[in-house]
Each structure stands twice: as C-alpha cells, then as structure tokens.
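Working notes, structure below.
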Amino acid sequence: MSDIWSEIANLFLTFVRMKTVQICFATNNTHKLEEVQAVLPAGIKILSLKDIGCSEELPETQRTIEGNALEKAAYVSGKYGINCFADDTGLEVMALDGEPGVDTAHYAGPERDAQKNMDLLMKNLEGKSDRSARFKTVFSLIWEGEMYSFEGVVRGKIALEKKGVEGFGYDPLFIPEGYEQTFAELGAEVKNKLSHRALASRQLASFLKKTQN
C-alpha cells in the first residue's frame, strides 16, 4: 500500500512542478486556435492576438508559405515581447501548377471569402482530370529569441462539389488520401488527427512539452 501512495505523491509533485507555459498563436481564428489547443499537452496556454492586445493586420509580404509564417511570428514576438508562433497554410493543386499556394486565403480576392475561393478553384479545374492536391502548413516559432519551424503535409484530391458543413476554408472540397469524404464531412475529431495543421501542431506540442521540464 505504501508503494501506491509513494507513486501518487511522486505524480502530484511532478504536476506541481510542471510549469504553465503561455505562448501566443498569431491569429484570432477560432477554428485554428481550437485545432491547435486540442493537441497541446496540459499546462500550455495559448493566447490569441486579441489576448495580447494586437489588433493590427500582420504583415504577409513573402512569396512562400514558410516566409509568411516566419514574418508574422517575428513581427508579434518583436513588437509584443512574447514567445509566439504563427502559421501559414497553402493548398497546392497539381493541375494548376501549385495554385492557389501562398495565395490560398485570398485566391478570389482580398476579402478572403471562402465560398468565392472554392468557386474559383472549381472553375479553374473545369475540364481537368487530375484533381490531386496537398495541404501544407508551416508553423514558425520564436522561442526565447530562437526560430524553429514545423511542417505538416497531407495529400488528397479536390472533390467535384462542395460537401459537408464542418471546418472552414477549403474543407468542403478537400478529400484526404485514404478517405472518400471531405474534411468538412469527416468532422473535427477525424480532421484533428490527420490534417496538415494537426501534423505540424504535434511537432510544436512535442517541442513545447520539453520546455515544461
């Protein structure tokens, strides 16, 4: 019996000693915040841009997904003096030479309208038999002045029509490899296990967990 209580005491001490890590995710997108928080270990608290008082538009002037993620993270970290990570995601469609790519969020215009983006994508794919595509997410992290990068890629194809109501962005059109349903049909529980953002998030989570020790 004493061994059991000793083990419980050790677990309690480990919990008490564990540091709570606060870090800013350079976004106010509720869906993104929920997706990333879902895979992070206990003791890591994500702050949104709103939480740290950042209301300005973040710079995204680079022509690569990696460049945009780093630019946003560096801006927030430098101006607000906080450990920060930012993401950039691109949908790359093979038949369109990698479009929309870095322009994924504003493919149909600066208003970043998801429905218009999907409509334009489907229009540009008319008559094309190859509908293979991939989603790529890059997290750039500025931690204690050092830069780290984590990447997640999921391959799949573009559906012939929008299906499903969950998720956001191009989720109603993207069918991940090994499935017959779109991300929007599969729902958050499945998507959070296999999506591009989930893959990058798990790498980020593994890094942040080490900072708690």
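The values are calculated or read from the model by the stated rules, or taken from the named source; none is laboratory data. Quick caveat, the model's predicted, so the values are computed rather than measured. Here Cβ is always computed from backbone atoms with ideal geometry, including for glycine, and neighbour counts include all displayed protein chains.
Please find, within the stretch 164-182, the residue that is farthest from residue 124 (Cα to Cα) out of those that are outside any loop (DSSP other than H, G, I, E, B) and either touching a helix residue (DSSP H, G or I) at 6+ places or on another chain (Cβ under 7 Å) or at pLDDT below 95 (or both).
Among those that are outside any loop (DSSP other than H, G, I, E, B) and either touching a helix residue (DSSP H, G or I) at 6+ places or on another chain (Cβ under 7 Å) or at pLDDT below 95 (or both), it is 176.
Return only the number of the condition from (1) surrounded by 13 or more Cβ atoms within 10 Å (Cβ to Cβ); (2) assigned to a helix (DSSP H, G or I); (3) modelled with pLDDT of 90 or more that residue 115 does not satisfy.
Status for residue 115: all satisfied but (1).
For (1) farther than 21 Å from residue 25 by Cα; (2) touching a Ser or Thr at 6+ places or on another chain (Cβ under 9 Å); (3) of a type in the set (Asp, Glu), each residue gets a yes or a no:
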residue	(1), (2), (3)
69	no, yes, no
81	no, no, no
94	yes, yes, no
100	yes, no, no
129	yes, no, no
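Being at pLDDT 95 or above and either part of a loop (DSSP other than H, G, I, E, B) or closer than 20 Å to residue 204 by Cβ (or both) is the filter here; which residues of the stretch 89-101 pass it?
Matches in the stretch 89-101: 90, 97, 98, 99.
Could you list all residues from the stretch 97-112 that are surrounded by fewer than 18 Cβ atoms within 10 Å (Cβ to Cβ) and either of a type in the set (Phe, Trp, Tyr) or more than 21 Å from residue 67 (Cβ to Cβ) (or both)?
109, 111
Of the residues 161, 185, 189, which single one is out of contact with any Ser or Thr (no Cβ under 6 Å at 6 or more places or on another chain), surrounded by fewer than 15 Cβ atoms within 10 Å (Cβ to Cβ) and not in a loop (DSSP other than H, G, I, E, B)?
189
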